[in-house]
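These notes concern the structure reproduced below.
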Amino acid sequence: MAYYAHPTAVIDEGALIGDGSKIWHFCHVMPNAVIGERCILGQNVMVSPQVRLGNNVKVQNNVSLYTGVICEDDIFLGPSMVFTNVINPRSFIERKNEFRSTLVKKGASIGANATIICGVTLGAYCIIGAGAVVTKDVPDFGLVVGNPARQTGWVSRYGHRLHFDAEGQAQCPESGEVYRKMEDSVVWIR
C-alpha cells in the first residue's frame with residue numbers, strides 16, 4: 001500500500017511518507033521530512049525538513065510544521081494552528097542554528113488557531129484550546145486555554161473533562177477508564 005498525494009501537492013526528493021497517508025491540495029513536504037502511516041495533511045500544509053510525524057497524525061488546513069517539530073502517534077493539529085521554531089526571530093539575523101524543538105506527545109490535540117511557542121513539550125492526550133498561546137510545557141491529560149495558555153483542568157484519553165472525587169479518582173464518561181490525580185499530574189490507571 002502506498003500513500004496518496006493530490007496532483008497539486010509537492011513532495012520533495014528525500015521525504016519519507018508512510019503507507020496509507022493522504023496529502024491534499026497545495027501541500028509541500030520538504031526533503032528529510034518523515035510522515036508516518038495513515039496520516040492526513042489537509043489543504044495548504046507545509047512540512048519542513050527534519051519534521052517527524054508519527055502514525056495517524058491529522059493535520060488540518062493551513063498548518064506549517066517547521067524544523068524542530070516532532071509529533072508522536074495519534075495527534076490532531078487543528079486548522080491554522082501555528083508552530084514556531086525560533087524564540088526571537090529577526091529578518092536581518094540568521095538564527096537557523098538556534099531552532100528549538102517542540103515535542104507533541106501521543107494523542108494530543110491542538111485547537112484551531114492555537115500558537116505553540118518553540119521549545120515546549122505538550123503531554124500525552126492533552127488538549128490545547130482554540131486560540132491558545134502555549135508558552136510552557138503542558139502535562140499529560142492537561143487542558144489549557146487562553147493567552148497565555150493556562151491549565152484549567154484535566155481530560156481523559158477520549159477528550160472528556162475529568163471531575164475528581166475526594167480520593168482523587170475520576171472516570172471518563174465515554175470509555176469508563178479510571179484516572180488518578182497525583183499532585184500536579186494525572187495517570188490513567190485502568
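Observations on the structure shown:
- Residue 113 vs. criteria without any contact (Cβ under 8 Å) to a residue 12 or more places away in the chain and farther than 25 Å from residue 32 by Cβ: no
- Note on the range 170-179: residues that are surrounded by fewer than 16 Cβ atoms within 10 Å (Cβ to Cβ) and not in a loop (DSSP other than H, G, I, E, B) amount to 1.
- Condition met for residue 42 (crowded, with 18+ Cβ neighbours inside 10 Å, touching a Phe, Trp or Tyr at 6+ places or on another chain (Cβ under 8 Å) and not hydroxyl-bearing (Ser, Thr, Tyr)): yes
Per-residue answers, yes or no, for (1) exposed (fewer than 15 other Cβ atoms within 10 Å of the Cβ); (2) at pLDDT 95 or above; (3) of a type in the set (Lys, Arg):
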{"site": "50", "(1), (2), (3)": "no, yes, no"}
{"site": "55", "(1), (2), (3)": "no, yes, no"}
{"site": "58", "(1), (2), (3)": "no, yes, yes"}
{"site": "71", "(1), (2), (3)": "no, yes, no"}
{"site": "76", "(1), (2), (3)": "no, yes, no"}
{"site": "87", "(1), (2), (3)": "yes, no, no"}
{"site": "91", "(1), (2), (3)": "yes, no, no"}
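- Inspection of the range 41-55 finds no residue satisfying the criterion of being within 25 Å of residue 158 (Cβ to Cβ) and of a type in the set (Val, Ile, Thr).
- Boolean, residue 62 is within 23 Å of residue 103 (Cβ to Cβ) and part of a loop (DSSP other than H, G, I, E, B): yes
- Here residue 167 passes the criteria (1) in contact (Cβ under 8 Å) with a residue 12 or more places away in the chain; (2) in a loop (DSSP other than H, G, I, E, B); (3) surrounded by fewer than 17 Cβ atoms within 10 Å (Cβ to Cβ) except the one numbered (1).
- Screening residue 32 on (1) under 22 Å from residue 147 (Cα atoms); (2) assigned to a loop (DSSP other than H, G, I, E, B) shows it passes everything except condition (1).
- Some residue of the range 89-104 being closer than 26 Å to residue 188 by Cα and of a type in the set (Gly, Ala, Ser): no
The values are calculated or read from the model by the stated rules, or taken from the named source; none is laboratory data. Only a predicted model underlies this, so the values are computations on that prediction, with no experimental measurement involved. Heads up, the Cβs are rebuilt from the backbone with ideal geometry, glycines too, and the neighbour counts pull from every protein chain shown.
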